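Input: a single structure, listed below in structure tokens.
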Amino acid sequence: MTLIPTAISICDVLLLAHAGFGVTGCLAGVWVMVEALNARAENAGRIRAAAWLAAACMAGAWICGGYWYVHFYPAEKILILAGPWPFAHNVFMEVKEHLFFITGILALLLPVVARENLYANAIARRLVICVAGLIVVTGLAIEGAGAVIDHGVKVALLRSNGKEHRQ
């Protein structure tokens, strides 16, 4: 038995792109927070660029994840629910299905609120820091939920594979 796949499927590419965009969006949120904490006229452009990067990456995660969810998740959902970790869908996917809206809306809001001159406006600076922080926290929660869901599929496949070998 070989452990190295011979080809990478579109399902794998979409899922990896989904996670990659999400993590990059979270990192861009951290970047915005750090820059906003030290807001000066010199870094205003970097704050705006990082805010747009966060929004673009979260939009990319939405697109890749949405396509994957519609076309590939139904089969994995069946595996998860029949496997030893049905909570991977019943809890973690359900939470993820609702939490991603909040993260996406915050990510699209970030470039709007980052337009202000944060070095001259303390209220706007705090708003940007809070929005970016919420993107990071909710984005990482979504990433963790995705890991649990992926593991739910894995343990279901391992269990079914083990049963086939014992019979």
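Is there a residue in the stretch 14-33 that is closer than 21 Å to Ala88 by Cβ, without any contact (Cβ under 8 Å) to a residue 40 or more places away in the chain and surrounded by 17 or more Cβ atoms within 10 Å (Cβ to Cβ)?
No; the residues of the stretch 14-33 include none that is closer than 21 Å to Ala88 by Cβ, without any contact (Cβ under 8 Å) to a residue 40 or more places away in the chain and surrounded by 17 or more Cβ atoms within 10 Å (Cβ to Cβ).
Here is a check on your reading of the model: is Met93 under 13 Å from the mean Cα position of the chain (by Cα) and either farther than 14 Å from Ala145 by Cβ or at pLDDT 95 or above (or both)?
Answer is yes for this residue.
Given the criterion in contact (Cβ under 8 Å) with a residue 12 or more places away in the chain and either of a type in the set (S, T, N, Q) or loosely packed, with under 14 Cβ neighbours inside 10 Å (or both), identify the matching residue among Ala82, Ala107, Ala88.
Details: Ala107 fails: either of a type in the set (S, T, N, Q) or loosely packed, with under 14 Cβ neighbours inside 10 Å (or both); Ala88 fails: either of a type in the set (S, T, N, Q) or loosely packed, with under 14 Cβ neighbours inside 10 Å (or both).
The conditions single out Ala82.
Among (1) under 19 Å from the mean Cα position of the chain (by Cα); (2) surrounded by 15 or more Cβ atoms within 10 Å (Cβ to Cβ); (3) charged (D, E, K, R), where does Glu116 come up short?
Tallying (1) under 19 Å from the mean Cα position of the chain (by Cα); (2) surrounded by 15 or more Cβ atoms within 10 Å (Cβ to Cβ); (3) charged (D, E, K, R), Glu116 fails exactly one: (1).
Is it true that some residue in the stretch 4-15 is at pLDDT 95 or above, within 30 Å of Arg159 (Cβ to Cβ), within 21 Å of the chain's Cα centre (by Cα) and among the hydroxyl-bearing types (Ser, Thr, Tyr)?
No, there is no match, as no residue in the stretch 4-15 is at pLDDT 95 or above, within 30 Å of Arg159 (Cβ to Cβ), within 21 Å of the chain's Cα centre (by Cα) and among the hydroxyl-bearing types (Ser, Thr, Tyr).
The values are calculated or read from the model by the stated rules, or taken from the named source; none is laboratory data. Since the model is a prediction, treat every value here as computed from it, not as a measurement. Please note: Cβ atoms are built from the backbone with ideal geometry, for glycine as well, and neighbour counts cover all protein chains shown.
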